Structures are given as C-alpha cells and as structure tokens.
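S.K.: Handing you a structure now.
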Amino acid sequence: MDYLKPLFESGRIDFDGQRRATSLSTVLVVGAAVVSLAAGFAMQRLELCFYTYALGIALTYAAVLPPWPFFRQRPVAWLARKASAAPAAAALASAGPRRTQVEDVTDDDSS
C-alpha cells in the first residue's frame with residue numbers, strides 16, 4: 001500500500017479540480033439513479049433498486065472524495081507576499097482591541 005501514499009499525500013485539489021469533482025459527482029449520482037430505477041423496474045424488486053443505488057453512491061464517493069491526481073493538474077500560483085504588508089499587520093496587532101461606539105436604539109416610538 002506504500003505505492004498509493006504519494007497519490008494522497010497533499011490532500012489538496014485546485015479550483016478546476018473542484019469543478020471537475022462537482023460535475024463528475026452529479027453525472028455519477030444521476031447515472032446511478034437511472035440504472036437503479038431501470039434495474040428495479042425490470043426485475044420488479046424495490047430492494048434491488050435501493051441496493052443498486054447505494055452501490056452507485058459508494059462508487060461515486062470512491063471516485064470523488066480522494067484527491068486523485070487528475071483533480072490537481074492546474075495548481076494555483078499564489079502571489080508573493082508584499083514586504084510592506086508585514087509591518088502594517090504587526091502595528092495593527094499591537095494596537096490592542098478595537099473599540100467601537102454603539103448607538104442606543106430603542107423600539108418604542110414615544111415621540
């Protein structure tokens with residue numbers, strides 16, 4: 001099982017991979033529903049319909065949930081951090097808690 005470890009190490013998929021996973025899961029779930037209804041109707045057994053659909057959902061989970069390599073083909077190139085942002089963030093953090101003025105609002109219209 002050590003040969004599978006590099007496939008799942010990062011655990012992150014890119015934005016295009018998320019779109020692919022959503023599309024793939026939609027197609028697989030609808031396909032599982034169609035196949036299970038057809039099988040249940042052809043055999044006239046409701047439990048066959050349920051078991052076939054459950055198998056389709058399980059296969060959908062196996063296809064979509066792991067971070068397969070085809071979900072990580074276009075990694076996001078993040079921008080580099082600006083040098084001037086660090087001192088501003090430190091100054092903001094050291095300023096202490098922010099206090100805001102709250103307006104007194106009442107519900108009664110006694111004017």
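The values are calculated or read from the model by the stated rules, or taken from the named source; none is laboratory data. Quantities reported herein were computed from a predicted structural model and do not represent experimental measurements. In case anyone asks, the SASA skips ligands and DNA or RNA and just uses the protein heavy atoms, side chains included. Shrake-Rupley method; radii C 1.70, N 1.55, O 1.52, S 1.80 Å.
S.K.: Would you list the P(r) distribution for segment 20-80, with all Cα-Cα distances sorted into 10 Å bins from 0 and each bin expressed as a whole %?
M.R.: Pair shares across the bins are 22, 36, 22, 12, 5, 2, 0.
S.K.: Ok, one more. For segment 52-63, what does the Karplus curve 6.51 cos²θ - 1.76 cosθ + 1.60, with θ = phi - 60°, yield as ³J(HN,Hα) per residue in whole Hz, taken in order and with x for Gly and Pro?
M.R.: 5, 5, 4, 5, x, 5, 5, 5, 5, 4, 5, 7
S.K.: To continue, here is another question. For Trp68, tell me the accessible area in Å² from a 1.4 Å probe, rounded to the nearest 10.
M.R.: About 70 Å², ignoring ligands and nucleic acids.
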